[in-house]
Amino acid sequence: CVQDFLLKTQGCPRTQILSLGAGFDSLYFRLKDLGLLHHTVVYEVDFPNVACQKAALIKRMKELSALVGDTGGEGLEDYKLLGVDLSELSELERALEEAGLDNEIPTLFIAEVVLAYMESSRSDALVRWAAERFPRACFLLYEQTRPGDPFGRVMQQHFRQLSSALRSLAQYPDCEAQRRRFSERGWTECSVMDMNEFFTCCTPEDEQQRVQALEPFDEYEEWHLKCSHYFVLAASKGMEPSWTPLLPSMTAPRDGAPVGVAGSVTAAVCARHSEVPGLRRYGHHSVLMKPNVILTTGGFGEEDGQHCRMRNFQVLIKHRGCWKAGCVKQENPDKRWDGRLYHTVSCLSNSLALVVGGRTSPSSAGLGMLWLKFPDTSNALDLDVITVELVPVQPAAEPAALRWRHSATEVMFRGNTHGKSGNGCRYAEVYTFQNIWGSPIPVEGPVPASRHSHSACSWRGGALIAGGLGAAERPLGSVFFLRELEHGFQWQRVETHPLLIPRYSHSAHVHEGKLLLVGGVWLHSSSVPGVTVVDLMTGLCSNYTIDVWPLMLHNHSSVLLPDEEELLLIGGGGNCFSFGTHLNPEPVSLSLSHILTRH
């Protein structure tokens, strides 16, 4: 945006940039190094102690001193570093005037995560002052938004712990409120978008691909969530031609209308953390072994007071209407769980489950498959202790097993049970196997786009897949049914109305002809995913919010208890590079009876 301002004003004899709360930003030095400041003066303002530290740093660094042209770092021809409190407008105006700021020439104001830390009355006065004092001006604002959703609450808590509370977020909680803020204070042109939209719509495709290829990356949820909680705003007045750097390209995909909400789902904590230690995790998998017995494996979470890849299993047992923790013993100490996450577990009987894929790190994914064998507990009186034996499946290097963020579900073909391992990270194939390895089964029809972090459910002998993150790192909103034919299977698209909102990192279940999509991440900035019900007969799609916060419903697992029409949400959260690790503290129960009867 700064380079766009310099390009649009290159015909002017002089221009200036005023960076408010510049801190240790290196913008001036980058622009100078690129040769873009031939007729532009850069003014930087921050607290006096910050400005002094920066001036001393510039003086110590030969490369920086050479760019400013003097070892002093202050009072030079195209770089002015001022120590002033931004909230004292009269003092700011006096200091800028003494430094040579010219109110009559095109001026670009930059506030990069600055106004949010000021009291709203003072930051509003600064926005109005800039519009009133400068007839030809542009303003770039970059800061936080959406304080009220789960990620927003974690974000606010992070800044409070740093003694840097975000003071203006309550008054300006979203992009539209920020746009009105500037429009009502003298700025005639104003456009704003969150950073997901900016990255998709305003960043050239080759640059997107360059960034995505820099290193193995597997924190998609936190990347998209953080980008949905930061925005960039560009405002201007008196510019000829008008300055609009945030116009998206005509070909870029954009999110649709606001999300329609049909109602809410009642949620309740079903077991306290002290009663079920070990369920604070993400990237795990939970499976209903038998009625009222749930096994959770793998993931990243909290074990013995430390964050780590989880090596212990956890079992939840419902007894007299209450969920409690049971004990899981891994039978062979030499063949313990390897700490994998983003795997799948398919329960094939009360005594047997199949683990497919997963990873320990994005570069260590060749983990193969495992049998989980349990003793037959159908006649046991005490389920508090469950023994699990881990048995590797050979050959371990089969491509179907070398994946993570994939899906796996059971399908029926000619009366026999088969597994399906679908579209995992870096893969676009669909594998079917009988008793692990068998003859390939032909699949017809238009193949769904490559995806990962989607869901797969068994239905009518076939499989339903929904959502996921596509090859361009954009969420998908498609639903496909892999239906059984006499000689194989066929892909068939399921049409929904209204269109299903693209999402990924959700969980899914089928209950009496209805597809339930639970949580996940989507790029709509107005809300977060709750429970979406898709009627598979009519295609009708309804969205319901969940009324327990802060509950981050991604990288979680969920287990449907069909007889009770109850859904258990277990774990979830993630590791954000900016705001640290958040783990949902306790399992939550959702009552679905009232929303299922509506369809």
In segment 168-185, the residues that are free of Cβ contacts under 8 Å to residues at least 60 places away in the same chain and either among the acidic types (Asp, Glu) or surrounded by 18 or more Cβ atoms within 10 Å (Cβ to Cβ) (or both): SER168, LEU169, TYR172, GLU176, GLN178, ARG179, ARG181, PHE182, GLU184
Tally, over segment 181-228, of residues that are touching a helix residue (DSSP H, G or I) at 6+ places or on another chain (Cβ under 6 Å) and outside any helix (DSSP H, G or I): 6
Residue that is least open to solvent (accessible area, probe 1.4 Å), among those in segment 119-143 that are outside any helix (DSSP H, G or I), closer than 15 Å to PRO173 by Cα and not acidic (Asp, Glu): LEU141
Complete set of residues in segment 567-599 that are surrounded by fewer than 16 Cβ atoms within 10 Å (Cβ to Cβ), in a strand (DSSP E or B) and either in contact with a Pro (Cβ under 6 Å, 6 or more places away or on another chain) or at pLDDT 85 or above (or both): SER591
Segment 552-566: number of residues that are surrounded by fewer than 21 Cβ atoms within 10 Å (Cβ to Cβ) and either of a type in the set (Asp, Glu) or not in a strand (DSSP E or B) (or both): 5
Helices (runs of 4 or more DSSP H) (entirely within segment 6-81) containing at least 2 residues that are closer than 25 Å to PHE134 by Cβ and not small (Gly, Ala, Ser): 27-33, 48-60
Residue that is modelled with the lowest pLDDT, among those in segment 499-526 that are within 14 Å of PRO475 (Cβ to Cβ) and hydroxyl-bearing (Ser, Thr, Tyr): SER525
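The values are calculated or read from the model by the stated rules, or taken from the named source; none is laboratory data. As the structure is a prediction and not an experimental result, all values here were calculated from the model. Note that each Cβ is placed from the backbone with ideal geometry, even for glycine, and that neighbours are counted across all protein chains shown. In case anyone asks, the SASA skips ligands and DNA or RNA and just uses the protein heavy atoms, side chains included. Shrake-Rupley method; radii C 1.70, N 1.55, O 1.52, S 1.80 Å.
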